[in-house]
Amino acid sequence: GSIDFQLLQKLFLTVGIRYSNDKMDFKYKQKGIQTFGYINVPSELDSDGNPIGYFDSTKTWHATTPSMNIKYAISDGLNIYGTLSKGYKSGGFNADYISSIESVTEPFKPEQIINYEAGFKLGNESNTLFINSALYRMEYKDMQVSQFQDLFEGYSISNAGSSTITGFEIDFSSRLLRKA
């Protein structure tokens, strides 16, 4: 949820909060091809060489992610703003072909981010030309990355630890047609 406050005639504050609760039920079964290094999951096989049962796991992750935005309307067409927010992406399981049981039994962790952003939004009086710009910094904890393992095992997701991304963006747009 979020709520907006008008602090002064041209000053606005938005605060919000989100609670996420993710539960994943994971069942995995693989008939291995030993020539390519794939294992059987689970390791017990029936008389035809097929895995009996499944690797079965359940994992729950949760997070509370607040946000705050302050905006000042300098004029009808120009706003400056600042945002501070926290984000979250659930953890999970790798479900590609595997050559080691740890690839599926060890889930990857949730990704968390703190985002800082400041910028402006400018539009002309006829509401047909727009310029938006932002300076941002994103600080990740347990960033999830997809990594190519090898030709046979493909990709797996793991946590890269922490990382920081900073940048600047500017965009221009125009509305060619407008209602009379």
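The values are calculated or read from the model by the stated rules, or taken from the named source; none is laboratory data. Because the structure is a prediction, the values reported are computed rather than measured. Cβ atoms come from the backbone with ideal geometry, glycine included; neighbour counts cover every protein chain shown. The accessibility values were calculated without ligands, DNA or RNA, using every heavy atom of the protein model including side chains. Shrake-Rupley method; radii C 1.70, N 1.55, O 1.52, S 1.80 Å.
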Answer yes or no as to whether SER100 is over 30 Å from the mean Cα position of the chain (by Cα) and part of a loop (DSSP other than H, G, I, E, B).
-> no
Does segment 57-75 contain at least one residue that is touching a residue at least 12 places away in the same chain (Cβ under 8 Å) and assigned to a loop (DSSP other than H, G, I, E, B)?
-> no
Has segment 33-53 got at least one residue that is closer than 28 Å to SER162 by Cβ and either buried (at least 17 other Cβ atoms within 10 Å of the Cβ) or touching a strand residue (DSSP E or B) at 6+ places or on another chain (Cβ under 7 Å) (or both)?
-> no
Please work out which one of (1) of a type in the set (S, T, N, Q); (2) under 30 Å from GLN9 (Cα atoms); (3) part of a strand (DSSP E or B); (4) open to solvent by 50 Å² or more (accessible area, probe 1.4 Å) is the condition ASN127 fails and give its number.
-> (3)
Boolean, LYS29 is open to solvent by 90 Å² or more (accessible area, probe 1.4 Å), modelled with pLDDT under 90 and not small (Gly, Ala, Ser) = yes
Within segment 76-96, restricting attention to residues that are assigned to a loop (DSSP other than H, G, I, E, B) and under 28 Å from ASN21 (Cα atoms), which residue is nearest to the chain's Cα centre (by Cα)?
-> SER90
